[in-house]
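Below is one structure, written out as structure tokens; comments come after it.
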Amino acid sequence: MAKRVTDVGQIETIADVQQYLKRFGTFIYTKNRIGDLHLMEADMRALYEAGILDVREYQKSRHILISEEVRLQKEGYTK
């Protein structure tokens, strides 16, 4: 069972970012994993710009998303 992320401070994985965004009614699944990461990053940026996330929280979530994208690219993910 997936843990429920109630606070952005609990975000440690991609799944946590997804759970956090669900709190705001954002469900992202396009069958393109890298595209999903970009959409999640855009939504987290919007939350930061709206003042919901502070700069450290935004940077942490962005780091998680970018790290996952780099990992996928190294593994040869092309979709």
Report task. Stick to Cα atoms and the Kirkwood definition of Rh, then tell me Rg/Rh for the chain. Result -> 0.96
Report summary line: Scoring the chain by relative contact order with C-alpha pairs under 8 Å, at least six apart, yields a percentage of 30
Report summary line: With 0.36 nm assigned to each residue of separation and the Cα-Cα distance removed, residue 33 to residue 46 gains 2.7 nm
Query raised in the report: Taking residue 74 as the anchor, which aspartates and glutamates have their alpha carbon closer than 19 Å to its alpha carbon, excluding any fewer than eight residues away along the same chain?
Result: 36
Report summary line: Under the helix-only model (-39500 (n - 2.57) for each DSSP H run of 4 or more, divided by the residues of the chain), the mean residue ellipticity at 222 nm, to 500 deg cm²/dmol, is -19000 deg cm²/dmol
Report summary line: Residue-ordered couplings for the range 18-35, obtained by feeding phi - 60° into the Karplus form 6.51 cos²θ - 1.76 cosθ + 1.60 and rounding to whole Hz (Gly and Pro as x), are 4, 4, 5, 5, 4, 4, 9, x, 9, 10, 10, 7, 10, 6, 10, 4, 5, x
Query raised in the report: What is the range 39-79 by shape, rounded, prolate or oblate, if you read a ≥ b ≥ c off the alpha carbon gyration tensor as root eigenvalues and call it rounded for a/c under 1.5, prolate for a/b larger than b/c, and oblate otherwise?
Result: oblate
Query raised in the report: What GluC sites (Glu not before Pro) does the range 23-79 have in DSSP loop regions with at most 13 other beta carbons within 10 Å?
Result: 75
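Where a number appears in this text, it was derived from the coordinates with a stated rule and is not lab data. Computed from a predicted model, the values in this text were never measured in an experiment. Glycine gets a Cβ as well: all are built from the backbone with ideal geometry, and neighbour counts include every protein chain shown.
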